[in-house]
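The structure under discussion appears below in the form of structure tokens.
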Amino acid sequence: MNYEQDMTIDPDSLDVEWIEQPRLMLRYAQHASKLKMEVERAKEKLDIIRADLDKRVRLNPEEFGIVKLTESVITSTIITQVQYKKGNEEFLEVAYEANMAQGALRALEGKKAALENLVKLHGQQYFAGPSVPRDLSKEWEQHERQKVVDAGVGSKMKRRKG
């Protein structure tokens, strides 16, 4: 998945962006759900590794160099085993990916809101070309001058007829 590209909005193609949005949401929701399931599997695998190591430590504490068996010693022994470290690293990696997928879903919600706002701005002519405000005083002056010119032309025409 290309998170950055999918989160980008082309303001010149809002219609295409809106058509694409539901498909993107579905794709990312499916991806996030799949990763959530992988997190649960990795957690379950880690729990099994922990239970297996716990059993082995309790049955053969000497194998792990334990003199006095206590809960904290068992826990410390378990988390230092290569098998547990590997399982924990896999769990953390999958959890990271799942968190990123959830973040992407939230970003798509933000993209949806941005698209809604861009469409509103478009409807309000925000993106229209610049408009020059009217200078009413200048227009009034031109109107008055034209009246004087028109009056002068009118009087000249009356003199010619008469």
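The values are calculated or read from the model by the stated rules, or taken from the named source; none is laboratory data. Computed from a predicted structure; not experimentally measured. No Cβ is skipped: glycine too gets one built from the backbone with ideal geometry, and neighbour counts run over all protein chains shown.
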Quiz item: If you check 42, 32, which single one turns out to be more than 28 Å from residue 112 (Cα to Cα), within 37 Å of the chain's Cα centre (by Cα) and buried (at least 17 other Cβ atoms within 10 Å of the Cβ)?
Solution: 42
Quiz prompt | residue 24 being in the same structural domain as residue 90 (by TED's automatic domain parsing), without any contact (Cβ under 8 Å) to a residue 60 or more places away in the chain and in contact with a helix residue (DSSP H, G or I) (Cβ under 7 Å, 6 or more places away or on another chain) | solution = no
Quiz item: Of everything in segment 106-162 that's more than 26 Å from the chain's Cα centre (by Cα) and either of a type in the set (Val, Ile, Thr) or closer than 30 Å to residue 33 by Cβ (or both), which residue is modelled with the highest pLDDT?
Solution: 148
Practice problem: Run residue 86 past the list (1) surrounded by 14 or more Cβ atoms within 10 Å (Cβ to Cβ); (2) over 30 Å from residue 116 (Cα atoms) and report the number of the one that doesn't hold. | Solution: (1)
Quiz item: Hey, residue 73 hits all of (1) without any contact (Cβ under 8 Å) to a residue 60 or more places away in the chain; (2) closer than 30 Å to residue 1 by Cβ but one; which does it fall short on?
Solution: (2)
Quiz item: residue 78: outside any helix (DSSP H, G or I) and surrounded by 10 or more Cβ atoms within 10 Å (Cβ to Cβ), yes or no?
Solution: no
Quiz item: Checking residue 1 against (1) within 17 Å of residue 106 (Cβ to Cβ); (2) part of a helix (DSSP H, G or I); (3) under 14 Å from the mean Cα position of the chain (by Cα), which test does it fail?
Solution: (2)
Quiz item: Among (1) closer than 19 Å to residue 106 by Cα; (2) surrounded by 11 or more Cβ atoms within 10 Å (Cβ to Cβ); (3) without any contact (Cβ under 8 Å) to a residue 40 or more places away in the chain, where does residue 17 come up short?
Solution: (3)
Quiz item: Out of all the residues in segment 92-150, which are more than 26 Å from residue 16 (Cβ to Cβ), of a type in the set (Val, Ile, Thr) and assigned to a helix (DSSP H, G or I)?
Solution: 94, 148, 149
